[in-house]
Each structure stands twice: as C-alpha cells, then as structure tokens.
Amino acid sequence: MNKLIILLSLISTVCTVSCAEAVAPEIMGPDMKVIDNNIIVNLHIDHVTELATPIKSGVEKEITFTIELLRSWRFWPDEFIVSKKISRIIKYDNLRERYRALSYDGVTRTEKYFSDYNSVKNWIFTIHNVNLANVKELDLSSYYIRVVVESKSLEQLPLMGFLMHFIPEVEMSLAKESAPFIMGEN
C-alpha cells in the first residue's frame, strides 16, 4: 500500500512540473493607434515554445496573421470592413546553420537571414505598423479589431492517398479581439 501511495505522489509531482512548464501561445495586443488618419496595428505572439523544436530541426513552417476591422452592431451581426493578411515562412538550413525567413503582405515580399533562433523568433512572431484602414472612410460607430494567427507545416509527410485527409493542415490557431472603440467621421 505504501508503494502505491509513493508511486501516485511521484506521478502527480511529475504531472505538476510538466504542466507548469507548458504555457499555451498567446496573442499580445492588438495595439491600435491612429496616425495621420490611418489605423495602425501592432501585435506579437508570446510563448511559442512548442513551435521551436520543429523549426530548429529544419521543418519549414508558415505563420499567417489575419487582421480584421469589424463594425459592431447592437441587434445585427457585426459588419466586416477590411482585413490584411501577412504570411511569414521560416526554414532552418542545417548546412549553412542559419534561418531563412520570408514575409509577404500581399504587396511586399521580404527575405531575411538570421544566425540565432531568438532574433528570428522576434521577427517571425511580431507584426509592426500594419495600416488597416483610413479613419475618414469609416462611418461614426463602434469598431473592434480581430486577429487570427495560424501555423502550419509546409513539408508533406511521406504518406500516400487517403491518409493525408486525417492529418490536420493547421497546427496552431489563435484568435483575439480588441476592446471596442469609437471611430469614424460624421
């Protein structure tokens, strides 16, 4: 009986320690500012440790940020106004021992190389100065910003046929909404 109690307490201690170390990814922001009549959005993702191991081992990942502006209605579904999509791709080159990172926002394509994981992590999971909309084009109303972040692997596993339907395409999906704010022109 004593061995069973010791075994159960050991298992609960291991579960407590491993659960305390596992922190879920979290969207920090979205931070919104109005600069020169434009709504500018900044955000970043914290606690992305679960993606670090596959990235460091050379698995190519795509992280997609979708930033949407929505108008709040009291008795009606919220109205979609505009969205911006930013795609970031990261791949570790084992031969050159560096990270290759790409960013595409629908207009501009940027390619950068990094030698350590922390600097590439900050660049991949941080979005700066996204011009979402012009305030003069909005009606005076209550609005909010919704951010959706998805991560997926771009490398196909060596499986054949129908087995590909059982593997989820999106590995991580996060969403967050800002607090409502009043914006627009009369």
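The values are calculated or read from the model by the stated rules, or taken from the named source; none is laboratory data. These numbers were taken from a predicted model, which means no experiment stands behind them. Note: ideal-geometry Cβ built from the backbone for every residue, glycine included; neighbour counts use all protein chains shown.
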Output the residue which, of all residues in the range 150-160 that are more than 22 Å from ASP31 (Cβ to Cβ) and part of a strand (DSSP E or B), is modelled with the lowest pLDDT. SER153
Kindly list the number of the only condition in (1) under 30 Å from GLY184 (Cβ atoms); (2) free of Cβ contacts under 8 Å to residues at least 60 places away in the same chain; (3) crowded, with 18+ Cβ neighbours inside 10 Å that fails for TYR92. (1)
Which one is modelled with the highest pLDDT, of the residues in the range 53-91 that are of a type in the set (Phe, Trp, Tyr) and more than 17 Å from ASN122 (Cα to Cα)? PHE80
Please pick out the residue among VAL147, VAL120, VAL107 that is in a loop (DSSP other than H, G, I, E, B), under 30 Å from ILE35 (Cβ atoms) and of a type in the set (A, V, I, L, M, F, W, C). VAL107
Take ILE67 and decide whether it is closer than 15 Å to VAL149 by Cα and in contact with a Phe, Trp or Tyr (Cβ under 8 Å, 6 or more places away or on another chain). no
Given the residues GLU26, GLU97, GLU50, GLU21, which is the only one that is at positive phi, charged (D, E, K, R), modelled with pLDDT under 95 and out of contact with any helix residue (DSSP H, G or I) (no Cβ under 6 Å at 6 or more places or on another chain)? GLU97
In contact with a strand residue (DSSP E or B) (Cβ under 9 Å, 6 or more places away or on another chain), over 21 Å from PRO30 (Cα atoms), surrounded by 14 or more Cβ atoms within 10 Å (Cβ to Cβ) and not hydrophobic (A, V, I, L, M, F, W, C) - does that describe any residue in the range 113-135? yes
